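Working notes for the structure below.
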Amino acid sequence: MSEPIQTEAIPIPYASPEGVPEGSALDPSLFLNRELSWLDFNERVLEEARDPTVPLLERLRFLAITASNLDEFFEVRVAGLQAQIFEQLEPQDPPPDGMSPMAQLVEIAKRVRDFVSRQYETWLQDLRPKLAEVGIEVVDPEEVTAEETAFLDSYFESEVYPVLTPLAIDPAHPFPHLHNKSLNLILRLEGQDRDRGGAQTPRLLYAVLQVPGVLSRLVRLPVEEPGRHRFVLLEDVIGPRLDSLFGGFRVVGYAPFRVTRNSDLSIQESEVKSSLLSIIQENLRKRMWGDAVRMEISDRADDAFASLLQTAPALDLDDRDVYRVSGPVALSALAALCKIEGYRELKEPPWEPRLPTPISARPTIFDAIREQDILVHHPFESFDAVVQLIEQAAVDPQVLAIKQTLYRTAEDNPIIDALARAAGNGKQVTVLVEIQARLDEENNISKARMLQKAGVHVVYGMVGLKTHCKAALVVRREPDGIRRYIHLGTGNYNPTTARLYTDLGLFTCSPEFGDDASALFNLLTGYSHGHDWRKLHVAPFHLVDKVLEMIDRERQHAEAGRPARIIAKMNALVDPRAIAALYAASRSGVKVDLIVRGICCLRPGVPGVSENIRVISIIDKFLEHSRIVYFQNGDAPELYLSSADWMPRNFNRRVELLFPVEEPRLHDRIVREILGVYLADNVKARELQPDGTYRRLSPPPDGPAIRAQTALQEQATRRELPAAVASAVDGLGLPVRFR
């Protein structure tokens, strides 16, 4: 729960909407803290793991997600707060709630400690017993049978022992470097010292052993019974067999632990002396040496173990940075259980998306786009539509050039292969690969090199800015002249995540979009200023100004008695300028509906400030990732899609796009059949309360249960919304332009 923080008001600079003077101070209690709001988001994910109505293996998947989420939170956000304190750094974006870095760290530690205890309670007392009931067991060493012990002895000798390297800790062997998030065992050994008279004196020694990351963390035990699976953790295979590593010594105690390190690679423009690629590669090498920010250690470890690790010069962790856990260190490893074949009844029903009819019904995707603008809603509709654009362009003799941005890619990505093939076929292919995509840097560098070898012109982004926009441009010679085909999206060109994330993509060959798309790529790959943008709004140049202008326009409409409404869907709402503008609009009577999956620093329902603002968050089987914003604008509504969340980093330090959807049918489809469906959700939606807590919604006693993602799957299959959902959406009073 995020409670108000009592501090003095602080100035918030923004392009001021009328009604909130420029540079004025808003009460910090009107803002929820960014980091604590993120913890609230992870609480909602854990809520799915604890929900008995969710299929069992899906619950386990959500539990594993909470663990991997928490890893990244410590690697980046907690690491940043610690750096502000230890290095006396000024934050790039001072929190408008006024909470100091130390106050945030103390509150984070308090909440995370409670959160972690509930994670392990969920595993040990709920999911693990229920999985065992259906034949999926994760057993402790003492539960292993004699036959299984013999198997593990053999497995240890043949597969594990050869790759183990014990590292002593003594004056001749300094404390070893522990790689970020690697699983390790701290060991206590007993040996004998002999004095000159031959008398022996017991001596205790310590060592560290890294659990090999190249081996599966879950070791499958031999089971002859069909439908039954038994696993033991790799550290529990190693632990009872440690004596074989230390001739003449006896291991008298061990405990698993793991260290999380600062993994943020923030590159300042002044740091780049030669090339962006070289500085990124150098920082990747440094990542494994980043400062320790957290240690997780099994609760079987005694105080001596914990103290030795915590005070080691290579770690030097405060008490608040140490987390004792009552089960497997790194619960994210349990996600492997979700991949066991079968058990369909324990998972969400499989979903196979189909191509939109306008594409599947035409000989080529170019024929389809020439006929009409096309909207694709992933994963409800197939990402193959995007793949087809690049694959067909790669072999089409009339295509002259392909230009594309890549932010996050997949290991096996047909788009990468098609771009390489296009270059081999003589097309002019230019790809901007963002090598600063957090935690994907190495993969992106690898893909960039492969493309370069194939003859693709590869650029690495702009110094000081991440290129986060999603755009593809195909230039084709046709009988009536050169035509440009454009795809703009809210999500990455990644066929793997396109089956897991909800996103929207727009295909068009509009000349105005084409002019702006060409100007965008000229900006990204060369030097270009002064373009008269007609359709695209580009961060960090003027996107935020457009957003603030449109919010304030709704305020003016409301004050003039004209229709005024804002509906916005995004992943995070943090930017204080946008929040201040929304507060001003609310005070003037604008109804504001916000669908914010993750962080939300706006406090809704505050009398006199935000009583006209409603905020919901939807956590379900697909990760909500699309960004949509609707402005009623009197009687001339406007709808935009975007790659940007409303955060200072997206507005100020990234290249992002905001672009309109103008074709009436597509406009109304998004308003009614996407935004309307999400606003009607009463199964997976949680509503943000004025005190910062979230209240899960439930169906009314006399009304239908509406789960937005299920309804959207049905809509994609039947080409229309289920009747009960359509009726509920119609009851929302959403203005549409074309029916």
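Quick notes on this one:
- Whole-Å distance, taken between Cα centres, linking segment 342-402 and segment 535-608: 33
- Anisotropy class of segment 357-534 from Cα gyration tensor, a/c 1.5 cut: rounded
- Cα gyration tensor shape of the chain, rounded if a/c is under 1.5, else prolate or oblate by comparing a/b with b/c: prolate
- Only helices enter the 222 nm calculation for the chain: every DSSP H run of n ≥ 4 contributes -39,500 (n - 2.57), and dividing by all residues gives -9500 deg cm²/dmol, rounded to 500.
- Between the listed residues GLY247, VAL433, GLN689, the Cα displaced farthest toward the positive end of the dipole of the chain, a dipole computed from Cβ unit charges relative to the Cα centre, is found at VAL433.
- Dipole-positive endmost among VAL376, LEU523, LEU504 within segment 357-534 (Cβ charges, Cα centre): LEU523
- Entries of LYS181/LYS569; LYS403/LYS684; LYS110/LYS339; LYS535/LYS569; LYS427/LYS466 with Cα pairs more than 30 Å apart: LYS181/LYS569; LYS403/LYS684; LYS110/LYS339
- Loop-located GluC sites (Glu not before Pro) in segment 335-397, at most 12 other Cβ atoms within 10 Å (DSSP): GLU341
- Looking at segment 357-534 alone, DSSP beta bridges between its own residues are antiparallel in about 75 percent of cases.
- Summing charges over all other residues whose Cβ lies under 11 Å from the Cβ of THR357, with Lys and Arg as +1 and Asp and Glu as -1, gives +2.
- Charge sum, other residues only, whose C-beta stays under 11 Å from PRO328's C-beta, Lys/Arg counted +1 and Asp/Glu -1: -1
- Antiparallel bridges, percent of DSSP beta bridges restricted to the chain (to nearest 5): 70
- A simple packing score, the average count of other Cβ atoms within 10 Å per residue, orders the peptides 701-714, 591-604, 518-531, 174-187 as 591-604, 174-187, 701-714, 518-531, with the highest score first.
- Cα-based shape type of segment 538-730, given that a ≥ b ≥ c are square roots of the gyration tensor eigenvalues and the cut on a/c is 1.5: rounded
Quick note: the coordinates plus some simple rules give every number you see, no bench work behind them. A quick note: this is a predicted structure, and the numbers were derived from the prediction, not measured. Cβ coordinates were reconstructed from backbone atoms using ideal geometry, including for glycine residues, and neighbour counts include every protein chain displayed.
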